[in-house]
Amino acid sequence: MRGRERQPVRRRPKIAVWGLAAGCLAACGAAAWGADVPRVCYSKSFPGSKPAFVAITLEKTGAGDYKEAPDDDNPLRFQLSAPETGEIFSLVEKLGYFNRPLESPLKVAFMGMKTFRFENGAEKREVKFNYSDDPDARALADWFERISESEQHLINLERAAKYDKLGVLNALLLLETSWDKKRLVAPGQFLPMLDRIAKNETYMHTARLRAAAIADAIRANK
């Protein structure tokens, strides 16, 4: 469940590279929902990519938020299922709650500076890395990449539905591709928008059929 109605088109503040790096701790350290709930945070700073920065906070209840700027005080909110949340926190536990370095000694290209952070009351630990060959670290990073992809799909679909009706079909095709590849996280968050498109005759018939088909697939998978 998201805490607000999103405004899909909003200009993110331009932030210098040093500002992105300095803002990682603040973006992840802020409580998403409750002050005393264990949480894991992920941020990635990759200047030149789109988006250049993401920060995701996930609490053990499954409540989370997604930001594309460290100083964003109105993040997108989502709710993961218990199995999804349990798998993520199991990886955090396997990684010792980030009590050891994760950077690989291999010389690889810059792939974005990533930060894992765990908070549980006064207990706070974090680790930064560009590339890790630890399978649990890579699996955890992929979970957060999937969350990021999912939220970006939702933003893009909402933007197309509101401002570019001819672009709705393309947004749906991209969403369907991620669904087929099992990349979507918390897919139930897409149902209100998909249902709205499927029932609205101002959209192309092909787009409405595609939206209905994706919604049916999501519901059948629950």
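The numbers here are math on the coordinates, done by the rules we state, and not lab data. Please read all numbers here as calculations on a predicted model, not as lab measurements. As a convention, Cβ positions derive from the backbone with ideal geometry for all residues, glycine included, and neighbour counts pool all protein chains shown.
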What distance in nm lies between label points placed 7 Å from Cα along the C-beta direction at Asp71 and Asp180? 4.3
Which of the lysines could a cross-linker bridge to Lys181, judged by Cα under 27 Å and excluding same-chain residues fewer than eight apart? Lys44, Lys50, Lys60, Lys67, Lys94, Lys114, Lys162, Lys165, Lys199, Lys222
Label point 7 Å out from Asn130 along Cα-to-Cβ: which residues of segment 86-118 have amide N under 12 Å? 103-114
Tell me the relative contact order for segment 177-222 as a rounded percent, counting alpha carbon contacts under 8 Å between residues six or more apart. 35
Which stretch or stretches of segment 108-149 have amide N atoms under 16 Å from the point lying 7 Å from Asn99's Cα along the Cα→Cβ direction? 117-127
Multiplying the sequence separation of Val108 and Lys50 by 0.36 nm and subtracting their Cα-Cα distance, what value in nm do you get? 18.8 nm
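Let's see if you can work this out: charge +1 on each Lys and Arg Cβ, -1 on each Asp and Glu Cβ, no other charges. What is the dipole magnitude of segment 159-222 about its Cα centre, in debye to the nearest 20?
Numbers: 12 positive and 6 negative charges, 32 e Å.
Once rounded to the nearest 20, the dipole reads 160 debye.
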One point scatterer per Cα, no solvent, Debye formula: log10 I(q)/I(0) for segment 164-220 at q = 0.23, 0.24, 0.26 Å⁻¹ comes out as -0.86, -0.93, -1.07
